[in-house]
Amino acid sequence: MLIALDGVRGKVGRPRRRPDIVQGERAYGSEAHTLFLKSLGIQDLLAKVGQPHGSGLGKTRWVIERSLSWLHQFRRLRVRYERRADIHFAFLALGCSILCFRHLQNSFC
């Protein structure tokens, strides 16, 4: 899945194909995953198996989980009915647009 990522946008020039850092939960904290990421030149911030909680990953991961829960309020995104990826992506873009519009509307009122 990590190899299938599109280019990472940022600075002018040839787009990067890999992120600098990958965050993940305890299920991905095995030695095999760590070695794979290291071979690709990616720093891992994976919670290690068997280590106590308190790694601090939850402080940044909640933003993603919150955003996904916002998108799941739209039924077409909660349960995927479309077989074609382009139609699903269009509904995803529409859902993101609605969420951004609502956020801007609330911040200016």
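The values are calculated or read from the model by the stated rules, or taken from the named source; none is laboratory data. Everything numeric in this text was worked out from a predicted model, so none of it was measured. All Cβ positions, even for glycine, are placed from backbone atoms using ideal geometry, and neighbour counts span all protein chains on display.
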The range 74-88 residues that are hydrophobic (A, V, I, L, M, F, W, C), paired with ones that are surrounded by 10 or more Cβ atoms within 10 Å (Cβ to Cβ) and modelled with pLDDT of 85 or more (beta carbon under 7 Å, 6 or more apart): F74/G95; L77/L71; L77/F91; L77/L92; L77/G95
Only unsatisfied item for T34, checking (1) among the polar types (S, T, N, Q); (2) at pLDDT 90 or above; (3) surrounded by 13 or more Cβ atoms within 10 Å (Cβ to Cβ), is (2)
Can you tell which of G41, G54, G24 is at positive phi and at pLDDT 75 or above? G41
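Restricting attention to helices (runs of 4 or more DSSP H) lying wholly within the range 27-109, give those where 3 or more residues are under 19 Å from the mean Cα position of the chain (by Cα).
Filter on the range 27-109 gives 31-39, 58-71, 85-108.
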